[in-house]
Structures are given as C-alpha cells and as structure tokens.
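Scroll down for the structure; my scribbles are underneath it.
Values quoted throughout were computed directly from the atomic coordinates according to the rules given, and no laboratory measurement underlies them. All figures in this text were calculated on a predicted structure; none of them were measured in a lab. Cβ coordinates were reconstructed from backbone atoms using ideal geometry, including for glycine residues, and neighbour counts include every protein chain displayed.
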Amino acid sequence: MEVDYKKKVTMDPSGFVLLADHVPGIIQEIRYYSTYNFIGDRIDGYEEPCAIITKEAARALKNVSNELNVQGYRMKVFDTYRPAGAVKHFVMWGIEDTDIRMKDYFYPDLQKQELFSKGYVASKSSHSRGSTIDLTLLDMKTGKEVDMGGPFDFFSELSHPDYRGITDEQYNNRMILRNVMVRNGFVPIDCEWWHFTLADEPYPDTYFEFPVSSEYLRR
C-alpha cells in the first residue's frame, strides 16, 4: 500500500536515540554523510555521521552486539534512520539527474532507473520509520570487515543474501550476521545481505523527516 507522506511524516525525534549511547562498541561509517555512496554526494538530511535509531531497535541491537562480541565480532554500521527527505534525494536523482559517476562502483550492470524497478532503492524506505539498520561485521582479531562476498550498497544479484556464487566462507559470514539479527527480532530482505528491520517496529506507519544530527535529538 502506498503511504501518504503528507499525513504520515513528522519531525518529532522523541522516540529516537544515538545508537552509540546504547551500543558503545559499534563502528560507524555513515555512508550517506560521505560522498562514497551510489550518488557520489552527501545526501540531504545527513548533518552528522552518527547512527540514530528508535529506542526499541537500539535495545534489540544491544543484544545483537553482545551476542556478536562473544563470537569475536563487532557491529559496523553504514546507515540507520534515514530522513524522508534523503529518500526524496534518491528519487529525484533517479528521475532527473543524468550523473552516473558512481555506476562502476555500485551498479555496474544496471541502468540507474533499474535500481528502483528492481527494488534496490525504495521510493519510500523503511529506514525513514527509524527501526532499520544496514550493517556488517568487524573481526575483533584483525580489526577488518568480515568478507561478505560483496560490498555494501552493491546493487546486483551478488548482494542477495542467498546468492551462492560466492565462497562457502563468504556465504557463512552472511549467515552469521543474518542468524544473529533474526534471533534478536529483526527481519531481513531478499536483495541486500546488510539490511534488517525490527519486526516489532514502534512506528510502522510513520515516516520521519528530522535531520541526522545529535544536536537535533537534544532539543
């Protein structure tokens, strides 16, 4: 069902927290604050490279982190809450912008319009509801990202969680992440190994527009 943004969007951040305050050991590489993303520019609404998420999701992710730590991993976060305006930035880029400078890095086998038709980029994102996270694992022994067989935001069949054209080790790494997330109440999707949404999300029908900013949360 299409969501009516005019009725469902709010600027109220009162149900949100900084994820690092609840899970101090996380590594944050907020890609849409940087220019290293599929558009190639900082995305609208990302005023600070911090992970913001609902209180409920933060509590669940603390349990995820504790379980991963026992297995020798830390969480590395690429994105959490995403303002509705950031999603609009994606859509307008897809419709109007002819810039494809990041194509070779993120969608080499697709035309940019296919990113939407094939479901890799949503015109209305669960991230804007505040309980979705994009993440990978960091090996505590090596200090490096675990090999998942493909990078974050690589729009291809290669990124499907069940893709078997990778090594057994890479596939098993994906399953380690997936299994821990599912055990702690998160739901995966079928086209991105890094993407999970809290099953019992507190705002299933609300999209948020406030900026990604720790200062805004303190207002």
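Mind sorting Thr10, Thr132 by how few other Cβ atoms lie within 10 Å of their own Cβ, fewest first? Provide the component values of the computation, followed by the final result.
On the way: Thr10 14, Thr132 24.
Placing the least packed residue first, the sequence is Thr10, Thr132.
The calculated FRET efficiency for the pair Lys124 and Asp200, based on their C-beta separation and a Förster distance of 35 Å, comes to about 0.95. Working from label points 7 Å from Cα in the Cα-to-Cβ sense, the Ile27 to Asp190 distance is 3.2 nm. Taking the chain as a Gaussian network of alpha-carbon nodes connected by springs under 10 Å, the highest mean-square fluctuation of the residues Ile176, Ile53, Ile26 belongs to Ile176. When the chain is modelled as a GNM with alpha-carbon springs shorter than 10 Å, which of Thr142, Thr54, Thr197 fluctuates the most? With Cα springs under 10 Å in the chain, the top fluctuation among Thr142, Thr54, Thr197 is at Thr142.
Per residue and in cubic angstrom, what volume does the convex hull of the Cα atoms of the chain have?
Numbers: hull volume 26.2 nm³, N = 219.
Hull volume over Cα atoms, normalised by residue count, gives 120 Å³.
Which residues does a label at Glu114 reach in the range 127-162, if reach means a backbone N under 12 Å from a point 7 Å past the Cα toward the Cβ? Flagged as within label range: 155-158. Distance from the C-alpha centroid of the range 36-59 to that of the range 147-179: 23 Å, rounded to the whole angstrom. Placing +1 on the Cβ of every Lys and Arg and -1 on the Cβ of every Asp and Glu, with no other charges, gives the chain a dipole of roughly 480 debye about its Cα centre. Based on DSSP H segments of at least four residues, each scored -39500 (n - 2.57), the chain has a per-residue ellipticity at 222 nm of -8000 deg cm²/dmol. Note on the chain: with a GNM built from Cα contacts shorter than 10 Å, the maximum mean-square fluctuation among Arg74, Arg101, Arg59 falls on Arg101.
Could you grab the relative contact order for the chain? Cα pairs under 8 Å, six or more apart, rounded to a whole percent. Before the final figure, lay out the partial values.
Values: 387 pairs, mean separation 63.6, N = 219.
Dividing the mean separation by the residue count of the chain yields 29 percent.
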